[in-house]
Amino acid sequence: MRIGVLTSGGDAPGMNAALRAVVRVAIYEGHDVVGIRNGFSGIFEKDFVAMGLSSVADIIHKGGTILGTSRSKEMRTDEGIARAREILKEEGVEHLIVIGGDGSMKGALALSDAGQSVITLPATIDNDLGYQEASIGFYTAVETILEAVGRIRDTSSALRRANIIEVMGRHCGDLALYAGIAGGAESVIIPEVPFDFDGVKNKILAGKKRGKRHHIILLTEEQIPAYGLAKDLEEATGVETRVTILGYTQRGGIPTGKDRINASRLGAEAVFLCGEEKRSLALGLSEGKIKSFDLREALAVEKTFDRALYDTLDKISI
Ligand code: F6P
């Protein structure tokens, strides 16, 4: 059997570990594996590469993706989908394993509707996929943010400042929330909770009164402009407020053990599900186990917000 594998969308630490598992388990099971370079774009460019055992040697600990990735525009058109399906057929790809986030899953679903067998693995630092609980890369990005929080807290304490740290996440506050709770942030500003300027301000004022020397505010990107908020907080509290935008530092780096383990389990399971039948599946961690979901249904599951975790953070950071 011939299995195709690609990584797609924004890269996430642990994609390589997932790819390694797919390739190694596929070879173990006697299948032929072909890697597709640069995400779905590689299908149109016919950039297929045979993956042998050593093609994935020495990558389990590496960030990024050795296959490359892209956000393919062609996959958003019906002609593109039909063409991609045609090329995969010509290349004899019976099952396509897609490692990526929600955009990649949508591309995979369109291919599935066109007749291609697909299995997707969740990989995005945002952790914005509602059907599962921890996407590949999420916990590594949380650790990266925590390292920055620690460093920034040192200088914040030295100068008795407040620091706004802007993190990624787009429409999902998990990065800010999880790093906020683990990093002891005073406030987190996330899309799931209406922004409350007075709440943030009062935390700083209360801390100042107690002689607290640092105030960490984690702000999810695309919510409110970080520099404007810093200015307003400084005016309202009298505490100097600085901004750090972590940006793409959150996407790279060495994947944590947890991400490597999840990626390896997901990759292996994807291969086990490749059989005679056409598949249209999304794999993910749920209640600590690797489970498979119907791809369309998985995409339709809305991400639920862990209100209890947010409230805990709010209380701890009083
Ligand atoms: O999907 C992950 C993510 O890192 C988002 O949090 C961020 O907004 C986006 O990707 C940035 O993507 P790009 O690489 O297209 O700039």
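The values are calculated or read from the model by the stated rules, or taken from the named source; none is laboratory data. Quantities reported herein were computed from a predicted structural model and do not represent experimental measurements. With ideal geometry, Cβ positions are generated from the backbone for all residues, glycine too; neighbour counts draw on all protein chains shown. All accessible areas refer to the heavy atoms of the entire protein, side chains included, with ligands and DNA or RNA removed. Shrake-Rupley method; radii C 1.70, N 1.55, O 1.52, S 1.80 Å.
Determine the gain in length on full extension of the stretch SER54-SER286; use 0.36 nm per residue of separation and subtract their C-alpha separation, reporting nm with one decimal.
80.4 nm
Pairs of Cα atoms under 8 Å, at least six residues apart: use those to get the relative contact order of the stretch 139-251, whole percent. Write down the numbers at each step before the final one.
Working: 188 pairs, mean separation 44.6, N = 113.
Reported as a whole number, the value is 39 percent.
Enter the angle in degrees (range 0 to 90, nearest 10) between the Cα long axis of helix 307-316 and the first principal axis of the Cα atoms of the chain, meaning the one along which they spread out most.
Computed tilt is about 30 degrees.
Mind checking which of ILE290, ILE216, ILE119 has the largest fluctuation in a GNM of the chain, springs on alpha carbons under 10 Å?
ILE290
Taking only C-alpha pairs under 8 Å that are 6+ residues apart, what is the relative contact order of the stretch 122-182 in percent?
Details: 59 pairs, mean separation 23.9, N = 61.
The normalised contact order for the stretch 122-182 reaches 39 percent.
Full extension from THR249 to LEU159: what is 0.36 nm times the residue separation minus their Cα-Cα distance, to one decimal in nm?
That pair, THR249 and LEU159, stretches by 29.9 nm at full extension.
If one puts a single equal scatterer on every Cα of the chain and applies the Debye formula without solvent, what log₁₀ I(q)/I(0) results at q = 0.11, 0.14, 0.16 Å⁻¹?
-0.68, -0.96, -1.16
Rounded to the nearest 0.05, what FRET efficiency do ILE66 and GLU133 have when you use their Cβ-Cβ distance and R0 = 25 Å? Numbers along the way, then the final one.
Values: r = 27 Å, r/R0 = 1.07.
Here the calculated transfer efficiency is 0.40.
What number does the stretch 139-251 give for Rg over Rh if you use C-alpha atoms and the Kirkwood radius? List each step's numbers first, then the result.
Details: Rg = 12.7 Å, Rh = 13.7 Å.
Reported Rg/Rh, Kirkwood definition of Rh: 0.93.
Provide the gained length on full extension for the span GLU276 to ASP113, in nm with one decimal, where the gain is 0.36 nm per separating residue minus the Cα-Cα distance. Intermediate results must be reported in sequence, preceding the final value.
Values: separation 163, 0.36 × 163 = 58.68 nm, distance 1.76 nm.
Value of the extension gain: 56.9 nm.
Based on DSSP H runs of at least 4 residues, each adding -39500 (n - 2.57), what is the mean residue ellipticity at 222 nm of the chain after dividing by all its residues, to the nearest 500 deg cm²/dmol? Write down the numbers at each step before the final one.
On the way: 11 runs with 132 residues, N = 318.
After summing the helix terms and dividing by the residues of the chain, the value is -13000 deg cm²/dmol.
Can you put ARG76, ARG2, ARG210 in order of accessible area, largest first, using a 1.4 Å probe?
On the way: ARG76 175, ARG2 65, ARG210 150 Å².
From most exposed to least exposed: ARG76, ARG210, ARG2.
Note down the nm distance, to one decimal, between modelled labels 7 Å out along Cα→Cβ at VAL301 and at LYS89.
Simple spin-label model gives 3.2 nm for this pair.
Hey, got a sec? Which chymotrypsin sites (Phe, Trp or Tyr not before Pro) in the stretch 170-271 land in a DSSP loop and have at most 13 other Cβ atoms within 10 Å? Don't skip to the answer; put the middle values down first.
Numbers: sites: TYR178, PHE195, PHE197, TYR227, TYR248; in loops: PHE195.
Of the chymotrypsin sites (Phe, Trp or Tyr not before Pro), the ones in loops of the stretch 170-271 whose Cβ has at most 13 other Cβ atoms within 10 Å are PHE195.
Normalised by the residues of the chain, what does the relative contact order come to in percent, with Cα pairs under 8 Å and at least six apart? Write out the running numbers ahead of the final one.
Details: 690 pairs, mean separation 74.0, N = 318.
Relative contact order of the chain: 23 percent.
Can you list which of the trypsin sites (Lys or Arg not before Pro) found in the stretch 215-297 are DSSP loop residues with at most 13 other C-beta atoms within 10 Å?
On the way: sites: LYS231, ARG242, ARG251, LYS258, ARG260, ARG265, LYS278, ARG279, LYS289, LYS291, ARG296; in loops: ARG251, LYS278, ARG279.
Passing both the DSSP loop test and the Cβ count: LYS278.
Pairs LYS46/LYS303; LYS46/LYS73; LYS209/LYS231; LYS208/LYS315: which exceed 23 Å Cα-Cα? Before the final figure, lay out the partial values.
Details: LYS46/LYS303 35 Å; LYS46/LYS73 16 Å; LYS209/LYS231 20 Å; LYS208/LYS315 17 Å.
Beyond 23 Å: LYS46/LYS303.
Could I have the simple spin-label model distance between GLU29 and ASP198, label points 7 Å from Cα toward Cβ, reported in nm to one decimal?
So the label points at GLU29 and ASP198 sit 5.8 nm apart.
Rounded to the nearest 5, what % of the DSSP beta bridges within the stretch 32-152 are antiparallel ones?
Working: 3 of 10 bridges.
Counting DSSP beta bridges with both partners in the stretch 32-152, the antiparallel share is about 30 percent.
In the stretch 243-309, which GluC sites (Glu not before Pro) are in a loop and have at most 10 other Cβ atoms within 10 Å, using DSSP for the loop call? Can you show the working numbers first?
Working: sites: GLU269, GLU276, GLU277, GLU287, GLU297, GLU302; in loops: GLU276, GLU277, GLU287, GLU302.
Counting only loop positions with at most 10 other Cβ atoms within 10 Å, the GluC sites (Glu not before Pro) in the stretch 243-309 are GLU276, GLU277, GLU287, GLU302.
For the residue pair HIS171 and THR312, what label-to-label distance in nm results when each label sits 7 Å from Cα along the Cα-to-beta-carbon direction?
Reported label-point gap for HIS171 and THR312 is 2.7 nm.
Can you give the angle from 0 to 90° between the axis of helix 78-90 and the longest principal axis of the chain, with both taken from C-alpha atoms, to the nearest 10?
50 degrees
So what are the stretch 261-318's ellipsoid semi-axes, whole angstrom, largest first, if each one is the square root of 5 times an eigenvalue of the alpha-carbon gyration tensor?
Details: eigenvalues 218, 43, 7 Å².
That gives 33, 15, 6 Å for the three semi-axes.
Take every DSSP beta bridge with both residues inside the chain and express the antiparallel ones as a percent of the total, to the nearest 5. Provide the component values of the computation, followed by the final result.
Working: 9 of 43 bridges.
Percent antiparallel among DSSP bridges in the chain is about 20.
Residues of the stretch 143-163 with amide nitrogen under 15 Å from the 7 Å Cα-to-Cβ point of ALA236?
Within reach of a label on ALA236: 162-163.
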